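*Asks:* I am attaching a structure below and will ask some questions about it afterwards.
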Amino acid sequence: MPNAAANTTADTTPVVATLPVIAIAGNPNSGKTALFNAITGARQHVGNWPGVTVERKEGLIKRDGNEALLVDLPGTYAFGSRALDETIARDFIVNENPDVVINVVDSTHLERNLYLTLQLLEMDVPVIIALNMYDEANSLNLQIDVEKLSELLEVEVIPTVAVDGKGVDKLVCSAMRIAHANQGRKEQLKTRIAKRTPIIDYGKTIEAEIALLGKHLVDAYESNQGLYWRWQAIKLLEADIAIPKKFESVIDISAARGKTAHDLKAEVAEARARIRQVSGAEAIDLITEARYSHAARIAEAVIGQDSDPAKSSSYAIDRIVLNPWLAYPIFFGVIWVMFKITFTLSEPIAEWFVTLFDMFGSIVRGILMGIGVPLLLVDFLVDGIISGVGAVLEFAPPIFLLFLVISILEDIGYMARAALLSDRLMRAVGLHGKAFIPMILGFGCNVTGILATRSLDSPRDRLISILINPLISCAGRLPVYVLFATAFFKEKRSLVVFSLYAMGVLLAALAAKILSLFIEPDASSTFVLELPPYRMPRISAVLTHTWERGKEFLHKAGTVILLAVAIVWILANMPPGTGPGSPESFIGRIGTAIAPVFKPAGFGTWEAAVALMFGVVAKELIIGTLGVLYSASDASLTLAIQGAWTPLSAYAFMMMVLVYVPCVATIASIRRETGSWQWTTLAVAYTLVLGWILAVLVYQIGMLIGLG
Amino acid sequence: MSDARHLFSLDTAPPQTQNTIVSINCQGPVRRRLMDMGLTPGTQVAVEGAAPLGDPIIVWARGCRLALRCGEAAQITVAPTMDITESSKWLESCSSGRKHRHRQGQRGGGRRRRRQRGNRGSM
Ligand SMILES: Nc1nc2c(ncn2[C@@H]2O[C@H](COP(=O)(O)OP(=O)(O)OP(=O)(O)O)[C@@H](O)[C@H]2O)c(=O)[nH]1
Ligand SMILES: [Mg+2]
């Protein structure tokens, strides 16, 4: 669904540059997007696994006549992280100067969450803490002393339950107040608003170096930056890869004032060497440890009673879900059920839809003829638009069900388990388990899947995951399978469709293996995955999410598909005088020119060639195009297809549809995410060639063993 | 921290015992990731068990449940925190890992806070 990717702002109001900016930051899966939705009324994607949000989303807050821009960010564990989604969050906070940061803290994982909080406080941006998942903390009997936490951190702390909206109003009021107080101030002043004393004492050795470096920075800046220089000094000592833009300017200033950039760099290196000498450890390690001990001390001081994680229901459920004997049967069972639900459950509704559209077509025709609309126009509307778009819309039921199942899986918390369980299998092809999540999402839409690769640590894993994702069969290809499988493989249709999905996964694995042989391994590939608790899927959230994604399908049917179908019909009826949908029409001639290419695969008809051609625009159009081209021959689409294909060539055709060329939206997202035309071209070329080869193989081997 | 004989790597640590991280033996991004996720020297970790195919393993650290690969766990040296006899009660210990930490924080006042809780109640 192209819009999911293109639209990085929530669908509210155009962004006004002068509004105060409130950013939402925090650990992955702490409930940031749930909070964003609660505040703005948006319906951004919430899911129970780390790494759901991978780009920033904006929305407008209006409270008591005041307005502010709210920015939801991807989750991040630490400021030095390398995964792209985490980098996006950090860069926004460091470089874009939000007027206030709402730090969403998961109160059931206080210690780990505070690690990021401390880094935010150290940065000295105005922070307000949303102590989220407060309901879960209560039910775990964690007794958090909110006032004490606020006192120790010297910032406002407001308990919230983002999914119920509890505490959200209070949070917004405070955030708006701080944001408006800060807005319009010069950057330097803005950072000054919060402060107070250093939040962490790093011990004598490091503090001495911080002071020394800080002094150089103060000199360079010429103004008293209070604790801001301290943060910069710490960052320099950490050798954080996150050298913010601001630092570069500091280094420039120091160069301008007679101190060269080299001097500053050399001083930092010396400082690190001194620390290494005195304490026998790297500065960055000492700093990380100091932060975590501080986080632990605070957590200890504010948590009255520890919970027992082993008593949690998640732990009990995992005894079964991750049980050595049951885990894989459950794993494959889940995938099987996902497809079973998609097909079996949707069948009755789908049949009903087909009848509905047929009836609709004849009624419209009747009415239009009755009121004397010219025949050509009636044909255009009924045979062109209604047949074409209708052929696609008939498949709304399975597509919605597929989205529903994926949403449930995301909400329950099974995604992280699937990643864990697939790690061993993924390793065989040079990837790791986290790369499995984009594949599952790819079943819904490849654009979503490709975006989700942003949470992978290693650029190499990410590149491979992007390039193989188009082989995962998305919802757009589903209509083709359902139509053809039902037309040719009555009894065995689910098995046939399932075999195509399985084939897609196997090909993706194979492609990953081959790519991993050619792309240099890098050292940054780590598999450290937090296992979120199981959560009861909330019906409203699951339905909303399903609807949001299904809506894109409907939207597509009403725009791109409608337009393309109209074009197909017009081309099929031109030049005037040619019979509708005849080989002499413009589109017939184009199709006839391409068709011989597919002859060895058994579907060398010009209609098939044209359908495949338009399918590149959107896979749903394959059916839409066939719907238009065969609508002239009064019989139903199924009958027309049965006339033009054999079971064997139908299977070859489905194989082609599975593999050949990603749709335009997917190609665009491959281009955007890899940033390279070469890789994009490769993705298009290899899928095209592979698709053709496989289709030909299926057909030729089938003929050889007498299936034709 | 502990006698050299009692050191082992996290992937070989007996499941369901409480261990203290002694050192992280890799460099670069992997080291950063492990430490940023809270696996720093001095931290209490308990191995919950392995995934069905033996890898990755699941560990508890700082109240979080993390899956990590044996390859990465092998880079983490740990020492047992408790007596063998006590270790069978790992369930208790991993939940109250904080109690076993060497640096004792301000744990007093827990009871007082719990009393205060009453009137704060839910939000
Ligand atoms: N019980 C409870 N669940 C919550 C609360 N807030 C969020 N959740 C659930 O926590 C999960 C994660 O929520 P998200 O809003 O997607 O988390 P996020 O911080 O945006 O996550 P990333 O985008 O991956 O960084 C979802 O399953 C939510 O339904 C809360 O206050 N209480
Ligand atoms: Mg999110």
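*Asks:* Can you give me the convex hull volume of the Cα atoms of the stretch A:21-183, divided per residue and expressed in Å³?
*Replies:* Given the Cα convex hull of the stretch A:21-183, per-residue volume reads 100 Å³.
*Asks:* Additional query: Work out the FRET efficiency for residue A:593 and residue A:489 from their Cβ-Cβ distance, taking R0 = 25 Å, and round it to the nearest 0.05.
*Replies:* 0.20
*Asks:* Sticking with this one: Report the relative contact order of the stretch A:21-183, percent, no decimals, based on alpha-carbon pairs under 8 angstrom and at least 6 residues apart.
*Replies:* 25 percent
*Asks:* Anything over 31 Å Cα to Cα? Flag those among A:32/A:551; A:62/A:215; A:166/A:619; A:148/A:235; A:490/A:599, in the order listed.
*Replies:* A:62/A:215; A:166/A:619, as the Cα separations exceed 31 Å there.
*Asks:* At R0 = 30 Å, how high is the FRET efficiency between residue A:551 and residue A:367 if r is their beta carbon distance? Nearest 0.05 is fine.
*Replies:* Computed FRET efficiency for residue A:551 and residue A:367 comes out at 0.55.
*Asks:* Go through the stretch A:38-45 residue by residue and turn each phi into a ³J(HN,Hα) via Karplus (6.51, -1.76, 1.60, θ = phi - 60°); whole Hz please, and just put x for glycine and proline.
*Replies:* So the Karplus estimates, Gly and Pro as x, are 4, 7, 9, x, 6, 10, 6, 5 Hz.
*Asks:* With axes computed from alpha carbons, what is the tilt in degrees of helix A:493-518 against the longest principal axis of chain A, rounded to the nearest 10 within 0 to 90?
*Replies:* Around 50 degrees separate the two axes.
*Asks:* What's the angle, to the nearest 10 degrees (0 to 90), between helix A:414-427's Cα axis and the longest principal axis of chain A?
*Replies:* Helix A:414-427 sits at roughly 80 degrees to that axis.
*Asks:* State, to one decimal in nm², a quarter of the convex hull surface area for the C-alpha atoms of chain A, i.e. the direction-averaged projected area.
*Replies:* Value for chain A: 35.8 nm².
*Asks:* What FRET efficiency do you get for residue B:6 and residue A:281 if R0 is 25 Å and r is their Cβ-Cβ distance, rounded to the nearest 0.05?
*Replies:* The calculated FRET efficiency here is 0.65.
*Asks:* Given 0.36 nm per residue, what is the gain on full extension from residue A:212 to residue A:518 after removing their alpha carbon distance, in nm?
*Replies:* Computed gain between residue A:212 and residue A:518 is 105.4 nm.
*Asks:* Using only Cα atoms, tell me the angle between helix A:478-488 and the longest principal axis of chain A; keep it within 0 to 90° and round to the nearest 10.
*Replies:* Tilt relative to chain A: about 30 degrees.
*Asks:* If you don't mind, another one. So how far, in whole Å, is the C-alpha centre of the stretch A:69-87 from the one of the stretch A:483-512?
*Replies:* So the separation of the two Cα centres works out to 38 Å.
*Asks:* Another one. What does the average come to when, for each residue of peptide B:54-64, you count the partner chain Cβ atoms lying within 10 Å of its Cβ?
*Replies:* Whole-number average of other-chain Cβ neighbours for B:54-64 is 6.
*Asks:* Taking 0.36 nm per residue of separation and subtracting the Cα-Cα distance, what length does fully extending residue A:664 through residue A:636 add?
*Replies:* So the extension gain works out to 7.2 nm.
*Asks:* May I pose another question? How far is the Cα center of the stretch A:336-388 from the Cα center of the stretch A:103-120, in Å?
*Replies:* 54 Å
*Asks:* Moving on. Would you calculate the convex hull of the Cα atoms in the stretch A:296-453 and tell me its volume per residue in Å³?
*Replies:* 210 Å³
*Asks:* Ok, one more. Give me the one-decimal nm value for the distance between modelled label points at residue A:319 and residue A:340, 7 Å along each residue's Cα-to-Cβ direction.
*Replies:* Rounded to a tenth, the inter-label distance reads 2.6 nm.
*Asks:* Using a 1.4 angstrom probe on heavy atoms only, work out the carbon and sulfur share of the accessible area of chain A in %.
*Replies:* Answer for chain A: carbon and sulfur cover 65 percent of the accessible area.
*Asks:* Whole number in Å², please: accessible area per residue of chain A, 1.4 Å probe, ligands, DNA and RNA not counted.
*Replies:* It amounts to 38 Å² per residue over chain A.
*Asks:* Ignoring the sites themselves, what is the longest stretch of chain A with no trypsin sites (Lys or Arg not before Pro) in a DSSP loop and at most 10 other beta-carbon atoms within 10 Å?
*Replies:* Maximal segment without exposed cleavage sites: A:187-489.
*Asks:* Report the extension gain between residue A:540 and residue A:164 in nm, rounded to one decimal, defined as 0.36 nm multiplied by the number of residues separating them, less their alpha carbon distance.
*Replies:* Residue separation times 0.36 nm, minus the Cα-Cα distance, leaves 134.2 nm.
The values are calculated or read from the model by the stated rules, or taken from the named source; none is laboratory data. Every value quoted in this text rests on a predicted model; they were computed, and no experiment measured them. Cβ coordinates were reconstructed from backbone atoms using ideal geometry, including for glycine residues, and neighbour counts include every protein chain displayed. For the accessible areas, the whole protein counts, side chains as well, though only heavy atoms, and no ligand, DNA or RNA atoms are used. Shrake-Rupley method; radii C 1.70, N 1.55, O 1.52, S 1.80 Å.
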